[in-house]
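The structure under discussion appears below in the form of C-alpha cells.
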Amino acid sequence: MENSAVHSQRSLSSISTLNQPLDSYSIAGSTSNPPELVNRGLLLWNQTRQQWFGNKKPQNKTQVREPTISWNATYESLLGSNKPFSRPIPLAEMVDFLVDVWEQEGLYD
C-alpha cells in the first residue's frame, strides 16, 4: 500500500510540474524564431513510459519455427474429429491451411 501511495504522489508531482500556466498553446522559443509547440502530454507519456520500462530495448520476438501442421495433413485428419490438437496451432498457420484446402476444392476464389 505504501508503494502505491509513493507512486501516486510521484505521478501527481509529475503532473503538477506540467500544469503550469500555459501561454496560448504552450509556445516556447524566442520572438525572432517561429514558435515551437511543446506537447506536454507527450512529454508526460514518455516520462511515465520510461519509468515503466527503464532502459530496456525492445526485443525482436520473431522466431523461425517449424510449422505445427504437417505438410501432408488433410482436412479430415485435422478437423475430422473432436479431439484437441497435441499442441496449439497458430491462427495464421490454420488460416493458410484452410485457404489451401478451400482453393483445392474450388470453394475459395
Tell me the helices (runs of 4 or more DSSP H) entirely within region 1-93 that contain at least 1 residues that are modelled with pLDDT of 85 or more, surrounded by fewer than 10 Cβ atoms within 10 Å (Cβ to Cβ) and of a type outside the set (Asp, Glu). 40-53
If you check every pair at least six apart or on different chains, which have Cβ atoms under 7 Å apart with a residue in region 38-60 that is without any contact (Cβ under 8 Å) to a residue 40 or more places away in the chain first and a residue that is surrounded by 10 or more Cβ atoms within 10 Å (Cβ to Cβ) and part of a loop (DSSP other than H, G, I, E, B) second? Val38/Ser26; Arg40/Ser26
Keeping to region 41-90, report how many residues are within 30 Å of the chain's Cα centre (by Cα) and among the small types (Gly, Ala, Ser). 3
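The values are calculated or read from the model by the stated rules, or taken from the named source; none is laboratory data. Bear in mind the structure is a predicted one, so any value in this text is a computation, not a measurement. Cβ atoms come from the backbone with ideal geometry, glycine included; neighbour counts cover every protein chain shown.
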